[in-house]
Amino acid sequence: MKRWFFQNIGLKFLSLLIAVALWAYVGSRQVLEQRLSLHLEFSDMPAGMTLDPNVHTNISVTLVGRKDRVLEIDPQDLHAVVSLHNAQPGQKEITVHPHIQPLPSGVSVNTPDITLKLIPIVDNSKKHKGKY
């Protein structure tokens, strides 16, 4: 029995070393998908316009990346920013793509496009000026 154990000890040790290295490599490369709900932040609102009060201010996103990188992300640190700089005056709807920031390297995010309804701001003080 002892002879069997020590026979080709170098090859046995090498195979054990390769197995541990492969196990560590595969374990570190596991990909994880995690769904999060993030609060939307709006920027570049066109002058004289506001968002429909019924607009959803949360968005569901999916983070994809190495398991260790995805698990270290604190959802409170992520911001879903929607820029309305492409909106034209008088435009009633705009489709935008939220930008999620900051993301660590090796992590990507899947976000859906959002259609927002814009409403013109009505200045009631101008309506009533001539009626008094």
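The values are calculated or read from the model by the stated rules, or taken from the named source; none is laboratory data. Just so you know, these numbers come straight off a predicted model, no measurement behind them. Reconstructed Cβ throughout: ideal geometry from the backbone, glycine too, with neighbour counts over all protein chains shown. To get the accessible areas, we keep the full protein, side chains included, count just its heavy atoms, and leave off ligands, DNA and RNA. Shrake-Rupley method; radii C 1.70, N 1.55, O 1.52, S 1.80 Å.
Within segment 97-113, the set of residues being of a type in the set (A, V, I, L, M, F, W, C) and either part of a strand (DSSP E or B) or open to solvent by 60 Å² or more (accessible area, probe 1.4 Å) (or both) comprises Ile100, Val107, Val109. Sort out which residues of segment 44-66 are of a type outside the set (A, V, I, L, M, F, W, C) and open to solvent by 40 Å² or more (accessible area, probe 1.4 Å), and write them in order of number. Answer for segment 44-66, where residues must be of a type outside the set (A, V, I, L, M, F, W, C) and open to solvent by 40 Å² or more (accessible area, probe 1.4 Å): Asp44, Gly48, Thr50, Pro53, Asn54, His56, Thr57, Asn58, Ser60, Arg66. Looking at this structure, is Leu116 open to solvent by less than 60 Å² (accessible area, probe 1.4 Å), at pLDDT below 90 and outside any helix (DSSP H, G or I)? Here the answer is yes, as Leu116 does meet what is asked. Considering the conditions (1) under 20 Å from Gly106 (Cα atoms); (2) free of Cβ contacts under 8 Å to residues at least 40 places away in the same chain, Leu78 is excluded by exactly one of them, (2).
From the list Val81, Val31, the lone residue that is open to solvent by 100 Å² or more (accessible area, probe 1.4 Å) and among the aliphatic types (A, V, I, L, M) is Val31. So, Pro75, is that one of a type outside the set (Gly, Ala, Ser), open to solvent by 40 Å² or more (accessible area, probe 1.4 Å) and within 17 Å of Thr50 (Cβ to Cβ) or not? So Pro75 does not fit the description; no. In segment 31-52, which residues are in a loop (DSSP other than H, G, I, E, B) and in contact (Cβ under 8 Å) with a residue 60 or more places away in the chain? Correct list: Pro46, Gly48, Asp52. Restricting segment 53-70 to residues that are farther than 27 Å from Leu118 by Cβ and not in a strand (DSSP E or B), the residue that is nearest to the chain's Cα centre (by Cα) is Val70.
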